[in-house]
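The values are calculated or read from the model by the stated rules, or taken from the named source; none is laboratory data. Remember, predicted model here, so these are calculated numbers, not experimental data. Positions of Cβ are generated from backbone atoms using ideal geometry, with glycine treated the same way; all protein chains shown enter the neighbour counts. Keep in mind that these areas ignore ligands, DNA and RNA; they rest on the heavy atoms of the full protein, side chains included. Shrake-Rupley method; radii C 1.70, N 1.55, O 1.52, S 1.80 Å.
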Amino acid sequence: MALTPKQKRVVKNNLIGYSFILPNFIGYFLFIFVPVVFSFVLSVMKWNGSANTPMEFVGFDNFVRLMGDSTFKMSVGHTFYYAIFTVPLTVAAALLIAVLLNSKIKGIVVYRTAFFFPYIASLVAVGAVWNMLFMKDVGPINEFLRAIGISNPPGWVASVKWAMPAIIIVSVWKYMGYYMIVYLAALQGISKELYEAASLDGATGWKKLRYITIPMLKPTTFFVVIMLTIQCFKVFDLIYIMTGGGPGRATQVMVNHIYDAAFTNFEFGYASASAIVLFAIVLVITLIQFRGEKKFTEWM
């Protein structure tokens, strides 16, 4: 049955539309879908990454080994430690800055740009600069602490105790600008009439924030928490640049463990098993967060 001219135009328009998204689908298939499937396959194999060495099926031996690996357990603990502190601190900082910059003051664009700039700055440069700032003997931060009377300031990235807090501080500083923009966009959508009505009722700035701004930002805050949680469990580059997982293994997180297993020890099957466990942890936490969305919004 021949197509009518109208049907031909519809088919043509559809083909044009699909042709625009085809490169994206091809890229997704080749660089995301295939590697993910291959990771699941590798997780039950023993392989050193060499084309001359055949893969050996070992079943769930890699996962059993993970459960007894103290280094892996330590990296899981460090990852949770990093996430537990980074997520709320970044949310609080981003929300506070967004509220302060959601006003008509002179030079507001400059201030917004200044807070957003760390997010787009080179991560290598950020890590190098903060390492210099955190230097124990001659770093500006410790010099300031000594100036205000702290005679024995922390060793920061050179200290087992303070290395992870230093990483958390830099992470909050770098990423709060991005989430500030997210909050600013949400704040623009809150009706001014709500604040005007509250002012007529005698509400103070704090009460407006507590009973209007924060409740109206519940969906945005939930989105930010989800994205930050996933981001924290995937953290690698900043830690690799600033501490390399050290000193010792004080800042080694799950992705560091995966990287070392794959590209230092050439145990690609074991590394893939670790990656699958990381995927499962992030998936479970995300599902719990979505299931608890109603309670989360009621709590806020």
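In table form, for the structure just shown:
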quantity	calculated
Solvent exposure of region 47-298 as accessible area per residue, Å², 1.4 Å probe	55 Å²
Exposed-loop-free span, longest in the chain, where trypsin sites (Lys or Arg not before Pro) count as exposed if DSSP calls them loop and at most 10 other C-beta atoms lie within 10 Å	107-300
Entries of K73/K136; K104/K174; K136/K161; K104/K208 with Cα pairs more than 19 Å apart	K73/K136; K104/K174
Cβ-derived FRET efficiency at R0 45 Å, R210 paired with S70, nearest 0.05	0.50
Neighbourhood charge, 13 Å Cβ-Cβ cut-off, centred on V124 and excluding it, Lys, Arg +1 and Asp, Glu -1	0
Extension gain, T4 back to A185 (0.36 nm per residue minus Cα-Cα distance, nm)	60.5 nm
Kyte-Doolittle mean at least 1.6, axial Cα span of 20 Å or more - DSSP H helices of the chain	268-291
For region 126-189 and region 19-51, distance of Cα centres in Å	37 Å
Kirkwood estimate for the chain, i.e. one over the average of 1/r between Cα atoms, Å	23.1 Å
Neighbourhood net charge (15 Å Cβ-Cβ; Lys/Arg +1, Asp/Glu -1) for G244	-1
Accessible-area value, T90, 1.4 Å probe, nucleic acids and ligands omitted, Å²	0 Å²
Separation of the L283 and F263 label points, Cα + 7 Å toward Cβ, nm	2.5 nm
Share of carbon and sulfur in the accessible heavy-atom surface of region 47-298 [1.4 Å probe, %]	68 percent
Linear extension gain, S103 paired with E193, 0.36 nm per residue minus alpha-carbon span	30.9 nm
